[in-house]
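Comments concern the structure below.
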Amino acid sequence: MTELLGHYNYWIVIILMMTGFYIVIARPNLVKKVIGLFIFQTSVFILFISMAKIEGGTAPIIEEGLSVYSNPLPHVLILTAIVVSLATTALGLALVVRIQEAYGTSNEDDIHVQDEED
Amino acid sequence: MMQPLLDVLSWICLLGGAIFLLIGAIGVLRFPDFYTRLHAVSVCDTLGAGLVLVGLIFQGGLSLVTVKLLLIFYFMIFTGPTAVHALAQAALQSKLKPLVDDHEPR
Amino acid sequence: MEHLIDIVLLGLLMITGFAIVRMKSLLAVAMLTSIYSLLSASLFVVLDAVDVALTEAAIGAGISTILMLATVALTRDEEKAPRHTPLLPLAVVTVTGAALIYGTLDMPHYGDPAAPVHQHAASAYLHDTPGEIGVPNVVTSVLASYRGYDTLGEVTVIFTAGAGVLALLGYRTRRRNIQGPGIRKLVVLRVIAKLFFPLILLFALYVLFHGDYGPGGGFQAGVIFATGFILYALAFGLGNAQRVIHHPLLRIMAAVGVLIYAAVGIEGILLGGKFLEYGVLADDPVTGQHLGIMLIELGVGITVAAVMLIIYYGFVSRQD
Amino acid sequence: MLLSNLPALQVVIPLVSAPVCLLLRNPRHAWACALIISWLVLAMALLLLQQVYTLGTISYAIGAWATPWGIEYRIDMAGALMILIIATVGAVTMPYAWRNIQHELHRKHTGVYYTCYLLCLTGLLGIVVTGDAFNLFVFLEISSLSSYVLISLGPSRRALTAAYQYLVMGTIGATFILIGIGLLYMMTGTLNMQDISQRLPEVADTRTIRVAFAFVTVGVSIKLALFPLHIWLPNAYTYAPSVVSAFMAATATKVGVYVLLRFFFTLFGLQFSFNAMHVGEILMLLAVAAILIASLVAIFQDNVKRMLAYSSVAQIGYIILGISLATTAGVSAGMLHLFNHAMIKGALFMAMGCIFLRLGSVEIHNMHGLARQMPWTMAAFVAGGLSLIGVPLTAGFISKWYLVNAALTDGYWPLAVLILVSSLLALIYIWRVVEAAYFHLPGADMHKVREAPASMLIPTWLLIGVNLYVGLDAGLITNIAQQGAASLLGQALQ
């Protein structure tokens, strides 16, 4: 039972991650793939932040009268990773816009058909 | 002497805010069309969030936190109605007809 | 109580995630993604990561959503059904997920103070920051000083994204202000935007310079700053916004921010220290740290704000 | 003073020059800036190699913070060799880039191209130099994001879809690596690679570490295009601008291999990676499949760039094959091939760029009789092709020889046969081009085609020259590769 309570947080996060991953690999729409990547990455962030949490801790801003702080390092890593994810999203969507202009569609299957005809 | 009184007041406000938020949420689900739903949303924005903020102010006392909460309140009362207004206009411009009661008044 | 909030938020995240899989309307999906991001920001607050929450709310729920909406407006809104039955993706996802769950079985428990993550480097950061850096916000001290090099990389990533969007979407400067239909005509929106525009910029500066003491810093400030201009562009049209900050200026800002950051690092070398050693910037190492952190946060803020606007201009200028 | 800060400057100088390049409005100035920086990077790489050669492994604490707290730069012989490869290819492709970019890119993109190229260079160098697991992820993303942009600038619209496909797969790979690093951090509490490897034995026998290993391996395998995760590569290399194909084929996947080496040997350790997780057997199977299948597919390609891309997948198979043996001989053969293949593929893609400039196509059926019109370019292609096949007196022969030796020492004689067979396959696909160019009658418009300009030919021949030199006198480079392998495995054995 303690085993279950100790890890429920991680398990839900894994389900979330797989939701995003599934969207990326199963959906043919290019915008939705980028959104899937975004969900996937955001869920990985939750995994990192979960591991930083200490029971009964507070935010890592040092103040008088507090002694237990959550781990600041994963927070720093995830700040970086959020920015990376934004950069990926922006570039991915910019590519989708250009693909839409060049092919007239943003559906992967239709693009394949057009490429075959070339 | 003051503290219990403040606690009671803040709890009343917090609970009241929560109830209004709930009502707003039910309204969004139950109302028949887009425009009526907007009415329900505005309850959340004004009374719901407003009461919660007032309740928190009672908890915060005279401190920087209260100033920040007041600022949030200030933002809320401006942005909420503006957002609803913009939504309604957008809906109107994209030719969404309001649901009207066509029956003759008896 | 904390656990309850945690579970509720995680549950809502799951519901939102499944809805995103099922929904066909991309507009709705973009909005749900924003909600997903906002929910995870709330979860970060519960998990004590206030800086991350602020960033996620500004970047994930804010800027990313704007970009997704802009893209959906340019592409078709409805998603077609996939041609193949998604058996292979399902299998891949199941295997990956099962592997991860298998991996959790030996993990330290959630919130366990004895977990290895809390013992080694992290406790030293918390212990040494007041003496070595002298700022209360440990996230800022780790971000800007101990692991300042990662942050330089991060600014470079953002700069890369800016250069990439510039290459892919380019820009068109509007000489005339095209008054499109829709919300741009609204008087109420314009009045409110005018009212809030200076306040948002002020808030950005507050977040920038208050980052040592509370949540905030260059990234969040840069994004908020850019959001102010995006609001302005929404209410008054892109042409007017470009008259306030025009494109060549944005290029210069994006480059200058990275250069400020790198220059602080190289200054450390020139003063006889290592790259990005702030201690040598002033006579007193702690003052030097303060100075270094201040300067690099400024550089970060400038680049992030500029790149956000380059990206926004890039997407919106394709709209006609 | 500057010399002692060389490890940091090696990465920071191209990083700083990227924004400067964006500010230069004149494309010629941007090009000049990128050119000077590229050669400066090469000079620094040589200095750094010399430092490592004489002093041994260099460690540099960024921000002067002690190792587990701050970020460490750590350069051993293997790293110095990688830096040299990246810097050489960068320096050689830059003079070539001017004409090629003018021809294949829209004018308004040229300035941004050089910025993105410098960012890519920064990212690749940063990956190699760093001794910190998370810092590796950050620089991996810098190099990946800039390479998505570089690929998307290609002349046809399929460049866009190729870049998009690469972006999606690359991001999945990077996220997998991030998950792996997160799990490692969760169990060890540190991000410094040396520190992790010291603390790992205590927790190595947990399911979490095993999963971390799997995720890192799969993530890096996507980045280095290991069969069957290579599907992004052929499109990306085919539709990218020629100079980008040359640069990427010679560096990006190689750096991926280097990251794999770092994780296997420095971080997880030989014992855990190969004895506990049996990754050697899996890698060997995949490498064999890559060599055979990709070489076979390459034979049936009409587009020569695509053919070379598939050949790259096969050649990555060779490198991985060497690593999968997990002996000093095997790994050093792998690293030697890494160097040689970088030079060969760089030169071959550059030759294709020359042909595309004059012919406007890289399809075999358009190349009939080309050798008479472009003798120097085709001679470069033939020389590179011979090296790719592994004919004696070329660089390709040296690395294959060492690879066969390493396989035979371990008693894997079928691998030796495999290498021989696949060399025959390489002979077939190179021959198809040679046959068209030398032995077919020229088409009607062929007489209009002229030889490529010197600014493109000389860089191509420079790489061919390195090839031929290594073929004649492989002592120095073999020595470096062996030292690199020894330092990687030596750490692993500790």
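Can you check what the net charge comes to around residue C:266, using other residues whose Cβ is under 15 Å from the Cβ of residue C:266 (Lys, Arg +1; Asp, Glu -1)?
On the way: positive: C:274; negative: C:267, C:277.
The answer is -1.
When D:229, B:92 are ordered from fewest to most other Cβ atoms inside 10 Å of their Cβ, what list results? List each step's numbers first, then the result.
Details: D:229 19, B:92 13.
Placing the least packed residue first, the sequence is B:92, D:229.
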### Message
I'd like the FRET efficiency for residue B:39 and residue B:7, computed as 1/(1 + (r/R0)^6) with the beta carbon distance as r and R0 of 35 Å, rounded to 0.05.
### Response
0.60
### Message
Among the complete DSSP H segments of chain C, which ones combine at least 24 Å of alpha-carbon extent along their axis with a mean Kyte-Doolittle hydropathy of 0.0 or more?
### Response
C:2-22, C:26-46, C:87-104, C:148-169, C:187-209, C:218-236, C:247-270, C:285-316
### Query
Across peptide C:33-39, how many C-beta atoms of other chains are within 10 Å of each residue C-beta, on average?
3
### Computed label-point distance, nm, for sites residue D:455 and residue D:281 using a 7 Å Cα→Cβ extension
5.6 nm
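What is the dipole size for chain C, taken about its Cα centre, with +1 at each Lys and Arg Cβ and -1 at each Asp and Glu Cβ, in debye to the nearest 20?
Numbers: 18 positive and 21 negative charges, 487 e Å.
Using only the charged Cβ atoms, the result is roughly 2340 debye.
Which of A:19, D:110 has the fewest other C-beta atoms within 10 Å, and how do the rest follow up to the most? List each step's numbers first, then the result.
Details: A:19 23, D:110 20.
Ascending number of Cβ neighbours within 10 Å: D:110, A:19.
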### Task
Alpha carbons only, please: Rg and Dmax for the protein assembly as shown, in angstrom.
29.0, 105
#### Entry: Positive-end residue, the protein assembly as shown charge dipole about Cα centroid, Cβ charges, pick of C:95, C:199, B:14
C:199
### Query
Can you give the Rg and Dmax of chain A based on its C-alpha atoms, in angstrom?
19.9, 71
### Query
About the Cα centre of chain A, what is the dipole size in debye to 20, counting +1 per Lys and Arg Cβ and -1 per Asp and Glu Cβ, all else neutral?
380 debye
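Gain in length, residue D:66 to residue D:303, computed as 0.36 nm per residue apart minus the alpha-carbon separation, to one decimal in nm?
Working: separation 237, 0.36 × 237 = 85.32 nm, distance 5.23 nm.
80.1 nm is the gain from fully extending residue D:66 to residue D:303.
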### Query
So which helices of chain A fit the span-like rule, where a helix is a whole DSSP H run, its Cα atoms reach 20 Å or more along the axis, and its mean Kyte-Doolittle is at least 1.0?
A:2-26, A:30-52, A:72-103
### Eligible lysines near residue B:97 by straight Cα distance, threshold 21 Å, same-chain separation 8 or greater
C:185
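Would you compute, from DSSP H runs of 4+ residues alone, the mean residue ellipticity of chain C at 222 nm, taking -39500 (n - 2.57) per run and dividing by the full residue count, rounded to the nearest 500?
Working: 13 runs with 219 residues, N = 320.
Estimated from H runs of four or more residues: -23000 deg cm²/dmol.
Hey, can you rank C:116-127, C:149-160 by average C-beta count inside 10 Å, highest first?
Values: C:116-127: 20.0, C:149-160: 28.3.
In decreasing order of mean packing, C:116-127, C:149-160 become C:149-160, C:116-127.
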### Query
Under the definition of partner shielding as Cβ atoms of other protein chains within 10 Å of a residue Cβ, what is the mean value for peptide D:150-161?
5
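Report the calculated FRET efficiency for residue A:68 and residue C:128 (r = Cβ-Cβ distance, R0 = 22 Å), to the nearest 0.05.
Values: r = 17 Å, r/R0 = 0.77.
Working from the Cβ atoms, E equals 0.80.
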#### Entry: Residue exposure sequence - B:58, D:134 - by fewest surrounding Cβ within 10 Å
B:58, D:134
### Message
Using only the alpha-carbon atoms, how far is helix D:304-324 inclined from the longest principal axis of chain D? Give it as 0 to 90 degrees, nearest 10.
### Response
30 degrees
### Query
How far apart, in nm, are the 7 Å Cα→Cβ label points at residue C:80 and residue C:286?
6.6 nm
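With respect to the cross-link table entries B:95/C:194; B:68/C:274; B:68/C:194; D:305/D:400; A:53/C:274, which display a Cα-Cα separation exceeding 30 Å?
B:68/C:274; A:53/C:274
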## Note on the structure
The aspartates and glutamates whose Cα lies under 13 Å from the Cα of residue A:32, excluding any fewer than 8 residues away in the same chain, are A:108, C:77, C:78, C:79
### Query
Against the longest principal axis of chain D, how steep is helix D:133-152, in degrees 0 to 90 to the nearest 10, with axes from Cα atoms?
10 degrees
### Contact order relative to length of the range C:34-94, as percent, for alpha carbon pairs under 8 angstrom and 6 or more apart
30 percent
### trypsin sites (Lys or Arg not before Pro), loop per DSSP, at most 11 other Cβ atoms within 10 Å - longest free stretch of chain C
C:1-174
## Note on the structure
Summing +1 per Lys or Arg and -1 per Asp or Glu among the other residues with Cβ less than 14 Å from residue D:124's Cβ gives +2
### Summary
With only helices counted (DSSP H, runs n ≥ 4, each -39500 (n - 2.57)), the per-residue ellipticity at 222 nm for chain D, to the nearest 500, works out to -25000 deg cm²/dmol
### Summary
chain D: relative contact order from alpha carbon pairs under 8 Å, six or more residues apart, as a whole percent, is 16 percent
### Inter-label distance, nm, simple model (7 Å from Cα along the C-beta direction), residue D:206/residue A:115
4.2 nm
### Query
Do you know the relative contact order of chain A, to the nearest whole percent, from alpha carbon pairs under 8 angstrom that are 6+ apart?
23 percent
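Compute, for the range C:135-320, the length of the dipole vector about the Cα centre, with Cβ point charges of +1 (Lys, Arg) and -1 (Asp, Glu) only. Units Debye, rounded to 20.
Around 1440 debye, computed over the range C:135-320.
What number comes out for the charge environment of residue D:327, summing +1 per Lys or Arg and -1 per Asp or Glu over other residues with Cβ under 15 Å away? Kindly include the intermediate steps, with their values, before the conclusion.
Numbers: positive: none; negative: D:281, D:410.
Residues near residue D:327 contribute -2 overall.
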#### Entry: Residues residue D:231 and residue C:105, FRET efficiency given R0 of 30 Å [Cβ-Cβ distance, rounded to 0.05]
0.35
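We did not get these values from a lab; they are worked out from the coordinates using the rules stated. Small disclaimer: the values here were computed from a predicted structure and weren't measured. All Cβ positions, glycine included, derive from the backbone under ideal geometry; neighbour counts span all protein chains shown.
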